[in-house]
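Student: Just passing along the structure, written as C-alpha cells.
Just so it is clear, none of the values below were taken in a lab; they were calculated from the coordinates. Please read all numbers here as calculations on a predicted model, not as lab measurements. Methodologically, a virtual Cβ is constructed for each residue, glycine included, from the backbone with ideal geometry; neighbour enumeration extends over all protein chains shown.
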There are 2 protein chains.
Amino acid sequence: MGHLMTEPPRFAFAIHATDGAARTGEIAMRRGVIRTPAFMPVGTVGTVKGVKPADVRAAGADIILGNTYHLMLRPGAERMARLGGLHGFMGWDHPILTDSGGYQVMSLSDLTKRDENGVTFKSHIDGSRHTLSPERSIEIQRLLGSDIVMAFDELVPTTSTPEVQAAAMARSMRWAKRSRGAFDAGGAHAENAAIFGIQQGALDRTLRGDSAAALIDIGFDGYAVGGLAVGEGQEAMFGCLDFAPGQLPADKPRYLMGVGKPDDIVGAVERGIDMFDCVLPTRSGRTGQAFTRTGPINIRNAKFAEDTGPLDPGCACPTCATWSRAYLHHLVRAGEMLGAMLMTEHNLYFYQALMADLRSAIIAGRLKTFADAFRSDYKSQSERE
Amino acid sequence: MGHLMTEPPRFAFAIHATDGAARTGEIAMRRGVIRTPAFMPVGTVGTVKGVKPADVRAAGADIILGNTYHLMLRPGAERMARLGGLHGFMGWDHPILTDSGGYQVMSLSDLTKRDENGVTFKSHIDGSRHTLSPERSIEIQRLLGSDIVMAFDELVPTTSTPEVQAAAMARSMRWAKRSRGAFDAGGAHAENAAIFGIQQGALDRTLRGDSAAALIDIGFDGYAVGGLAVGEGQEAMFGCLDFAPGQLPADKPRYLMGVGKPDDIVGAVERGIDMFDCVLPTRSGRTGQAFTRTGPINIRNAKFAEDTGPLDPGCACPTCATWSRAYLHHLVRAGEMLGAMLMTEHNLYFYQALMADLRSAIIAGRLKTFADAFRSDYKSQSERE
C-alpha cells in the first residue's frame, strides 16, 4: 500500500566494506550522498577556480570545501546570508564543508592578537580588522550555509617546542568544546548541518591520544586529523597516520585536512582516512601541471609541442577526450585562460578517478595490490628527471 | 526510390529574405551552414578566450575567426599543419574564417619594411623576424585549414592624406589579385575553402567604388568592407555604409571587419552587411562589462553587490539562468577566472541572440521597427550615467 517517503538524514555514515585499516562507505546528508574515501575540491572564495560547478560535479565530486577566512572577508558572512547562502550563490547544490578559518588566519593575514578568546587579524586584502573565535567561526559557517562545519582550533608552527604544541592542543580542545556549544545553539541551516572536531598534537602519539579522547568526550559527527601536511614530509606524516586515525571513533568519518599528493592520499586511505581536501589539482592546473597515472607532467615542456596524444592516455575526462598535449602546451605557453580551465578540469577528474579506484579496490578486498601497483607506476617529477 | 546524398557545396550563399537594404540567408559550406547576418566570435590564438568550443557553439555561433598573425607566431603555421590544422587542434569542427594578418602586423608588431612585395616585421612576443606577402598570407591560411581565407591588404592610418589612401587602396587591389592567384594555386584543404576580397578606400565614395570594381573584376566568393571601425566614429562609418555595400555584388556575402558594438551591428545590417567579427563580447567579458538589452553594465559597480537578479532579465544564457549579478560582482572583484568565463559566455549569447533577432525581423519584414525599438532601449554607458 505504498511506502513512506523519508527525508534524508542530517548525517549518517555507513561503512560498506573494510580492507585492513581502510574503509569505504557513504555519508548521507540532506544535500546529497558523499562516497568515501572522498576528495573535496577546494572552492576557496566561492568558486572552484576555473571550473563551472556542473563540471566539478561531472568530474565526480560529491562535496566541495569553502574557506571561511576568504569568504568572511569577501563577500562577507552577513552579506552571504542575505544573499541566501553559499550554495545558491555559487550554484552548487551538493554538500559543502567549510573550514574554520584558523589555518588561513595564521598563513595569510597579519595576526595582531591571539589569546584564550580567539584571534584578531588584519585582512590580507584591504587591511581591515577582524576577529575569529570559536563562536564567531561557527556563526560565520552557519551564515554561509555550510553542511559540514569545522571546529575552530589553534595552530602553531611544527617547529614549536613540545610544550608549545601541548598547550596549543589543549587550547584547541577547549575551543572544540566552545565550537560544539555554539553549533548546538542553532542558527541558519541548523537542521542540515554536521560538525567535525579536529585532532591536534603534532606527531606525538600521546598528545594525539589525549586530543582524541577530549574530542570523543565532547562528541562530533566526524573527526579530522589536523596539523599534518605542513612540511613534515610524507614519511613523518604516514608515521603519525599509523596511529592517529585508530585513536578516533571507527564508526565516524575521518578527515585528513589539506592532503594531498596522489600518493599521499593512497597511503592515507590505507591507514584509515575517509576524506581529503587539497588545492593541488586546481593550483597545479593553473601552473601547467597535469596529473597522470605515471606521475605529474609539466605541459610547458618543449617535448609536448607536437605531441598529439591526450594528457593521460587512460583518462576519460573531457579534456583528454577532445584536446591534445600539443594544444594544451600551446594554450599554457600563450597564457590563455582556456589552458588553465582544461588542465584543472583534467586534474579534478584524475583525483576523482583515483578515489573511485580506491573505493572499488576496498570493496574488492584488493587495496594493497592496487596501492602497490599505483606506487610502482606513479613517479614524482623528480624521480623521473 | 530513395534520393541522392549530395556533398555540401564548397560555398553557396542563399538569400531568404530582404528588408530594405538588409538581407538574411545562409552560407552553406563543407563544415557547416552560416546563418546571416552572422556574428563571428574571435578566437585569436586558437581559442575564444575563456570559453570552451562547445559553449561557443551552444551560444549560437556558426563560425569563428582565427588570427593569422597570432597563429603564425604561435604555434606557427607549419607546426599547425603538421598537427592537422586549426579545427582539430582547438576542437571546433564548424567553419573558421581567418584574417590575412595585415591588420595585426600594423597594430601589434614592429614593422621593419613595407614595399610592393609585402611587409617584414618583428614578433611582439620574441622579436623574431617574419615576412607577410599576399602569397605567404594565403599559404599560412591554407596551412591553418581556414574555411574562409581573406585577401592580404595594406592598411594605412585613417589620418593619412587622400593620396596615401588612394595609393594604399591601389596596392591592396594588386595584392588582392595576387591573393586570388595564390589561393587558386591550391594547397591544403583547397576543396573546402572560399576566399573573400577586401574593399578599401577609407570614407571616399569614389575610391570605394574603384576598389569594388577592381575586386569584382578579380572575382571573390564574398567581399569585406575593410578599413572601417578604426576610430572614425559611428556616424562616419554609417555614412560610408550608406554607399559601400551597394557597390559590392548583391548575390555575395558582405563582411564588415572588426565591427562592433551592438548598435553598430544593427545599423550595419540595415545597410546591407551580412557578417561581423569583433573582440568586444570576449574582451568586455574579461573586464567586467556585460551587454544587456538596455545597454552595457559594469558588474564591478558597488550597486550590484547584493543584486540577486540575472545580468540581463531577458537573457536565456546559462550564466543568467544560474548566477546572480551579486555572484558575478563578487567573482570579478575577487579576480576569479570564473567571473571572466561566465561574463564572456553571457556576452557571446547576447551577440548571437541579437543576430537571431535581426534575422527574424528581416524575415518578418519589420527590421525598422525592431531596430528603432532596440535603439530606444539600448543606451551606452555614457548615455545612462
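Student: Ratio to report: Rg/Rh of region A:251-302, with Cα atoms as the point set and Rh obtained by the Kirkwood method; give two decimals.
Tutor: Rounded to two decimals, Rg/Rh equals 1.08.
Student: Work out the length of the dipole vector of chain B about its Cα centre, built from +1 on the beta-carbon of each Lys and Arg and -1 on the beta-carbon of each Asp and Glu, and round it to the nearest 20 debye. Spell out each step's value before the answer.
Tutor: Values: 41 positive and 43 negative charges, 117 e Å.
Value, rounded to 20: 560 debye.
Student: Mind checking region A:104-168 for GluC sites (Glu not before Pro) that DSSP puts in a loop (not H, G, I, E or B) and that have at most 10 other Cβ atoms within 10 Å?
Tutor: Working: sites: A:Glu116, A:Glu135, A:Glu139, A:Glu154, A:Glu163; in loops: A:Glu116, A:Glu154.
Answer by residue number: A:Glu116.
Student: Under a point-charge model restricted to the Cβ atoms of Lys and Arg (+1) and Asp and Glu (-1), what is the dipole moment magnitude of the protein assembly as shown relative to its Cα centre, in debye to the nearest 20? Present the calculation step by step, with values, prior to reporting the outcome.
Tutor: Working: 82 positive and 86 negative charges, 52 e Å.
Dipole about the Cα centre, nearest 20: 260 debye.
Student: For region A:186-258 and region A:158-173, write down the distance between their C-alpha centroids in whole Å.
Tutor: One Cα centre to the other: 15 Å.
Student: Next up: Can you list, shortest first and in nm, the gaps between the label point of A:Lys303 and those of its counterparts in the other copies, using a point 7 Å from Cα in the C-beta direction?
Tutor: A:Lys303 label point versus its equivalents elsewhere: 5.7 nm.
Student: Using Cα pairs under 8 angstrom and six or more residues apart, how large is the relative contact order of region B:239-379, in percent? Don't skip to the end; give the middle numbers.
Tutor: Numbers: 182 pairs, mean separation 34.1, N = 141.
For region B:239-379, the relative contact order is 24 percent.
Student: Report the far tail of the P(r) of region A:286-384, meaning the percent of Cα-Cα pairs longer than 19 Å. Spell out each step's value before the answer.
Tutor: On the way: 2095 of 4851 pairs.
The calculated P(r) of region A:286-384 puts 43 percent of pairs beyond 19 Å.
Student: Only residues of region A:291-312 count here: report those whose backbone N is under 16 Å from the spot 7 Å along Cα→Cβ of A:Thr322, or say none.
Tutor: So the set is A:310-312.
Student: Measure out, as a whole number of angstrom, how far apart the alpha-carbon centroids of region B:328-375 and region A:78-115 sit.
Tutor: 34 Å
Student: Please list A:125-132, A:264-271 highest first by mean number of surrounding beta-carbon atoms within 10 Å per residue. Walk me through the intermediate numbers first.
Tutor: Values: A:125-132: 13.0, A:264-271: 23.6.
With the highest mean Cβ count within 10 Å placed first, the list reads A:264-271, A:125-132.
Student: Still on this structure, please answer the following. Going by a ≥ b ≥ c, the root eigenvalues of the Cα gyration tensor, does region A:111-206 fall in the rounded group (a/c under 1.5), the prolate group (a/b larger than b/c) or the oblate group? Intermediate values should be presented prior to the final figure.
Tutor: Values: a/c = 2.30, a/b = 1.28, b/c = 1.80.
Verdict is oblate for region A:111-206.
Student: Moving on. Working only with C-alpha atoms, what are the Rg and Dmax values of region A:197-237, expressed in angstrom?
Tutor: Considering region A:197-237 through its Cα atoms, Rg and Dmax are 10.8, 31 Å.
Student: What is the distance, in nm, between label points placed 7 Å from the Cα along the Cα-to-Cβ direction at B:His124 and at B:Thr112?
Tutor: 1.8 nm
Student: Which residue, chosen from A:Gly335, A:Gly46, A:Met169, occupies the Cα position most advanced towards the positive end of the dipole of chain A, where the dipole is computed from +1 (Lys, Arg) and -1 (Asp, Glu) charges on Cβ about the Cα centre?
Tutor: Projecting each Cα onto the dipole axis, the largest value belongs to A:Gly335.
Student: Nm distances between the label at A:Arg114 and the same-position labels in the remaining copies, 7 Å along Cα→Cβ, shortest first?
Tutor: 6.3
Student: For region A:180-303, what Kirkwood radius comes out of the mean inverse Cα-Cα distance, in Å?
Tutor: Details: mean 1/r = 0.0620 Å⁻¹.
Evaluated over region A:180-303, this radius sits at 16.1 Å.
Student: Continuing with the same structure: Quickly estimate the mean residue ellipticity at 222 nm for chain A, helices only: each DSSP H run with n ≥ 4 gives -39500 (n - 2.57), and the total goes over all residues, rounded to 500. Display every interim value, and only then the final one.
Tutor: Values: 16 runs with 158 residues, N = 385.
My calculation for chain A gives -12000 deg cm²/dmol from helical runs alone.
Student: Let me ask something additional. How many Cβ atoms of partner chains, on average, are near each residue of B:36-45 if near means within 10 Å of its Cβ? Mind dumping the intermediate values first?
Tutor: Details: counts 0, 0, 0, 0, 0, 0, 0, 1, 2, 6.
Across B:36-45, the average partner-chain Cβ count within 10 Å equals 1.
Student: Evaluate the charge dipole of region B:1-137 about its Cα centre and quote only its size in Debye, nearest 20, assuming +1 on the Cβ of each Lys and Arg and -1 on the Cβ of each Asp and Glu.
Tutor: In debye, rounded to 20, region B:1-137 gives about 300.
Student: Please report Rg (one decimal) and Dmax (integer) in Å for the Cα set of chain B.
Tutor: 20.7, 67
Student: Follow-up question, since we're still on this one. Taking a label point 7 Å out from Cα toward Cβ, give me the nm distances from A:Lys177 to the same spot in the other copies, shortest first, one decimal.
Tutor: Nearest first, the other copies' label points are 9.6 nm away.
Student: Moving on to the next point. Rank by packing, highest mean first: peptides B:252-258, A:10-16, B:195-201, B:239-245, with packing defined as the count of other Cβ atoms within 10 Å averaged across residues.
Tutor: Details: B:252-258: 24.4, A:10-16: 15.7, B:195-201: 28.0, B:239-245: 19.7.
Packing order, densest peptide first, comes out as B:195-201, B:252-258, B:239-245, A:10-16.
Student: With unit charges on the beta carbons (Lys and Arg positive, Asp and Glu negative) and the dipole taken about the Cα centre of region B:11-278, which residue among B:Leu97, B:Gly76, B:Ile218 sits farthest to the positive side?
Tutor: Result: B:Gly76.
Student: How about the protein assembly as shown: what cysteines have no other cysteine beta carbon under 4.7 Å from their own?
Tutor: Among the cysteines of the protein assembly as shown, those whose Cβ sits 4.7 Å or more from every other are A:Cys240, A:Cys278, A:Cys317, B:Cys240, B:Cys278, B:Cys317.
Student: How high is the relative contact order of chain B, in percent, with contacts defined as C-alpha pairs under 8 Å that are six or more residues apart?
Tutor: Numbers: 742 pairs, mean separation 64.0, N = 385.
Value for chain B: 17 percent.
Student: Ok, one more. What FRET efficiency comes out for A:Ala213 versus A:Asn298 if R0 is 51 angstrom and r is the Cβ-Cβ distance? Round to the nearest 0.05. Before the final figure, lay out the partial values.
Tutor: Working: r = 45 Å, r/R0 = 0.89.
E between A:Ala213 and A:Asn298, to the nearest 0.05, is 0.65.
Student: Could you work out the Kirkwood radius for the protein assembly as shown, taking every pair of different alpha carbons, averaging 1/r and inverting it, reported in Å?
Tutor: Numbers: mean 1/r = 0.0346 Å⁻¹.
Evaluated on the protein assembly as shown, it is 28.9 Å.
Student: Determine which lysines satisfy two conditions relative to A:Lys261: a Cα distance under 20 Å, and not lying fewer than 8 residues away in the same chain.
Tutor: The reachable lysines, counting only those whose Cα sits under 20 Å from A:Lys261, are A:Lys49, A:Lys368, A:Lys379.
Student: Can you give the Kirkwood hydrodynamic radius for region A:1-87, in Å, rounded to one decimal and based on Cα pairs?
Tutor: On the way: mean 1/r = 0.0651 Å⁻¹.
Across region A:1-87, the inverse of the average 1/r is 15.4 Å.
Student: Next question. Using a Cα-Cα cut-off of under 30 Å, which lysines could be cross-linked to B:Lys177, ignoring same-chain neighbours fewer than 8 residues away?
Tutor: Those lysines meeting the cut-off are B:Lys113, B:Lys122, B:Lys252.
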